[in-house]
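Heads up: the structure comes next, in structure tokens.
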Amino acid sequence: MYQFSSFLDNSQFIDPFQTGFRRGHSTQSALIKLADDVKCAIDKRMVTLLVLFNFSKAFDIVSHDLLFHKMSSNLSICSILVQVLLIWRVQRVQDPDGTFSLWMPFKQVFLRALSSGLCCSVSSSMTYSSLSKYCKHILYADDLQIYIHCYPQKQLEQAVNKVRDDIAAIELWAGNNSLRLNPHKIKVTLIGTARHLNNIDTSHEIEFKIDGLPIEFTNQVTNLCSLHEYFRLV
């Protein structure tokens, strides 16, 4: 796994904003980037519209065949080498009592190991890096969040429409990559100073849907296991 992840980093193939399962990156670095971008926007008297996506059982439903195909076609790895390393090899393990497991194709073992998290990092980065047209984004394995800055009085409606376009693209992307969005757990929040947020009617001006279902707007979100009350920053 170390060799594979090092190869992905050296080839600059992983999305630069993918912070999951990469050396020097973590949930902390992801949150620092988001907080810094929000602070810079506040300094410019802007607000930030943030959407936090949730995928249903992403680790379990990632298509190994699709991931294997992406690795072969997009990583500039010789197809013969891939076959030698993954398809034609078998592997088994020995228990402390000396008994052996059944032989398994190495491809299956390798992809199961990737499913621990690196799988989702690779699968998402391979296709998401050029997907978003308008919003900034941060990835952490199967966690995805997009956000956009705007001036609340002049650009909010335009920003909402841009986010809707990116949400539609993400819905299509998720379907094409055998991932399922969970609209009941996707959250939207607006970040800025109280002065700029008090005049915004979030119930009418900020409405999004996933699979025809409305996305919940909230003042408080859990972002990468950290709880934040974003709505009133003073």
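The values are calculated or read from the model by the stated rules, or taken from the named source; none is laboratory data. Since this is a predicted model, take the numbers as computed values, not measurements. Here the Cβ positions follow ideal geometry from the backbone for every residue, glycine too, while neighbour counts run over all protein chains shown. The protein model used for the area step is the full one, side chains on, heavy atoms only, and it has no ligands, DNA or RNA in it. Shrake-Rupley method; radii C 1.70, N 1.55, O 1.52, S 1.80 Å.
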Those helices (runs of 4 or more DSSP H) completely within the stretch 129-221 that have 1 or more residues that are without any contact (Cβ under 8 Å) to a residue 24 or more places away in the chain and hydrophobic (A, V, I, L, M, F, W, C) are 156-176
Which residue is modelled with the lowest pLDDT, if the candidates are limited to the stretch 25-64 and must be in contact with a helix residue (DSSP H, G or I) (Cβ under 9 Å, 6 or more places away or on another chain) and open to solvent by 70 Å² or more (accessible area, probe 1.4 Å)?
Phe59
Among residues belonging to the stretch 140-185 that are among the β-branched types (Val, Ile, Thr) and within 28 Å of Arg23 (Cα to Cα), point out the one that is most open to solvent (accessible area, probe 1.4 Å).
Ile148
Selection status of Ile148, modelled with pLDDT of 90 or more, over 19 Å from Phe55 (Cα atoms) and not polar (S, T, N, Q):
yes
